[in-house]
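Each remark here refers to the structure printed beneath this line.
The values are calculated or read from the model by the stated rules, or taken from the named source; none is laboratory data. In this text the structure is predicted, and so the values were computed from the model without any measurement. Glycine also receives a Cβ, built like all others from the backbone with ideal geometry; neighbour counts cover every protein chain displayed.
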Amino acid sequence: MGSWIRSQVTAFFICGYFPLIFAAGVFITGPSVSSGLFQTSSWSPTNANNAPASSQKPTAVWTGREMIVWGGANSAGFGVKTGGRYNPILDAWMDTNKNKDQVPDARIHHTAIWTGTEMIVWGGGNATRGVLGDGGHYNPTLDSWQPVGTTGAPEARQEHTAVWTGQEMIIWGGKNNARSIKSGGRYNPITKRWSEVTLTNAPTERRAHTAVWTGQFMIVWGGVGDRDVLQTGGVYDPRTNTWKATNLMNAPAARTEHTAIWTGQEMIIWGGRGASGALNDGARYNPTTDTWTAITTNNAPTARGNHTAVWTGREMIVWGGSSGAAFLSTGGRYDPVTNQWRSTSMMGVPSDRELHCAIWTGREMIVWGGFGPRALCRPPLPCIMALQTGALYRPDLDMGTP
C-alpha cells in the first residue's frame, strides 16, 4: 500500500488561493508583503526550521500574511496530516497541528481554499480509508480545526477542483475509485450546509482538470474522463445555477497536468500532458466573448506537466514540473499584453521538482514541497523523495532573458 499515491492519476495539482483557486497552480491577490529585509537575488530559500514534514502534492493558501500548507503524501506514498504556516517577512514556520484530535485525517489529492478567515480542506484520499468525503475548517487566528459540515454533502472524491466565490466553496468533478465524476456541490461555511450544482448542460465527467473563479463564474476545463484526455469545459454561474459550454473553436489541445490562472479578464491554460506527451503551449480564454487565443511558444519554457503557475497582476509565472523524463527547476514569465515569454533566473533556484505548491503574495512567488531527486543519492535510501524545502522568487529582482 506504500505505493498508493503513485498508483493514482497524479495529473491534478492544486494550490488554494483567495479569491481564485486554480488546479495545478493558481493566482492570488492580497496585501503585498516583503520577503525579508535583505533579499537581493531573485531566489532565496525558505527557512527549514520547524517546516512541515516532507510532502508531495500538498495544498497551499495565502492569507494575506502567511502561506498555509497542509496534507499531501510522504516519500512512501502515504497521506500525511501535517501542515505549517510560513511568514515570509520573518522567514519562519509555525505548526497547524497543535490540536491533534481536531485535525482531519491524512490525505492526498484533496483541495483547499481560503475564505478570508479560514482555510477549508475537503475530499482526497488515503490508503486506510480510501476516497474521502469530509474535511476541516482551519482558523489560523485561533489555531484550531473544526469539521466541515456533511448535510447535503456530495459523494466522496479526489482529484476534484474547488474555488471560493466570496460566499461559498464550489467543488466539481474528481473521481471515486476508478470512476470519473460529473457532479459537484456548493458549501456555505457559515451554515455548514451543502447545496447541489445543477447537472443540466454540465461538462462531462472528469478528474485532474482545472478550475478558476472569475468573480462571477467558475470555469472548468480539461482533465481526464473515464477514457480520454479532454479538450472541453464549462462556465458555471452560481447565481442562476446554470452551465454553458466553453467554445471548442481554437481551444488548446486536450490535456491534463496543466495549469490555469485568471488574469482579471481571461483564463490562461498552459502546459500539461496530452495524448502525445508533455506540452509547452497553451491559450487564453475570454468568457465574455467565448473565444480562445493561442499563446506564443517563442522562448516558452520546455514542455512539462505537474508544474505550478501564479498570476502576479501583470504576468503568469510558470515553474518546475516534469517533462516525463526528468524533474525540472526551470520556469518562465508570460506577459499576455505583449504575448511574450522570458525565463526565470537559475541563480539560487530550488532543486528540481514536480507536484509542489506555489502561491503569490503580492510581491513574490513562494514554492514549497513536491517530489524530486534527493540532494545526495546514497543507496539504500531512495534517490527520489518527497521534499521539505522551498524558495521565494522575486520577479522584480530578476533581469532574466526576455
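Of everything listed in (1) in contact with a Lys or Arg (Cβ under 9 Å, 6 or more places away or on another chain); (2) at pLDDT below 95; (3) not basic (K, R), the single unmet condition for T389 is (2). Checking each residue in region 173-187 for being polar (S, T, N, Q) and either part of a strand (DSSP E or B) or surrounded by 23 or more Cβ atoms within 10 Å (Cβ to Cβ) (or both) picks out N176, S180.
Sort through I170, I190 and tell me the only one that's in a strand (DSSP E or B) and modelled with pLDDT of 95 or more. Give the derivation first.
Details: I190 fails: in a strand (DSSP E or B).
None of the others qualify; the one that does is I170.
Of all the residues in region 66-97, those that are of a type in the set (D, E, K, R), part of a loop (DSSP other than H, G, I, E, B) and either under 19 Å from the mean Cα position of the chain (by Cα) or buried (at least 22 other Cβ atoms within 10 Å of the Cβ) (or both) number 2. Look at (1) surrounded by 14 or more Cβ atoms within 10 Å (Cβ to Cβ); (2) not in a strand (DSSP E or B) and you find that C377 fails only one, number (1). Is it the case that region 350-372 has a residue that's over 18 Å from the mean Cα position of the chain (by Cα) and crowded, with 23+ Cβ neighbours inside 10 Å? So far as region 350-372 goes, yes, one or more of its residues are over 18 Å from the mean Cα position of the chain (by Cα) and crowded, with 23+ Cβ neighbours inside 10 Å. Being farther than 21 Å from W114 by Cβ, buried (at least 16 other Cβ atoms within 10 Å of the Cβ), over 21 Å from the mean Cα position of the chain (by Cα) and not charged (D, E, K, R) is a property that does not hold for A156. Of everything listed in (1) charged (D, E, K, R); (2) farther than 15 Å from G223 by Cβ; (3) crowded, with 24+ Cβ neighbours inside 10 Å, the single unmet condition for E266 is (3).
Looking across region 316-335, just one residue is in contact with a strand residue (DSSP E or B) (Cβ under 6 Å, 6 or more places away or on another chain) and over 25 Å from T389 (Cα atoms), and that is Y334. The requirement of being under 22 Å from A48 (Cα atoms) and under 17 Å from the mean Cα position of the chain (by Cα) is fulfilled somewhere in region 312-319, by at least one residue. A residue that is within 21 Å of the chain's Cα centre (by Cα), free of Cβ contacts under 8 Å to residues at least 40 places away in the same chain and under 30 Å from S44 (Cβ atoms) occurs nowhere in region 98-116. Tell me, which residue of region 298-345 that is more than 18 Å from G372 (Cβ to Cβ) and hydroxyl-bearing (S, T, Y) is surrounded by the most Cβ atoms within 10 Å (Cβ to Cβ)? Per the criteria, the residue is Y334.
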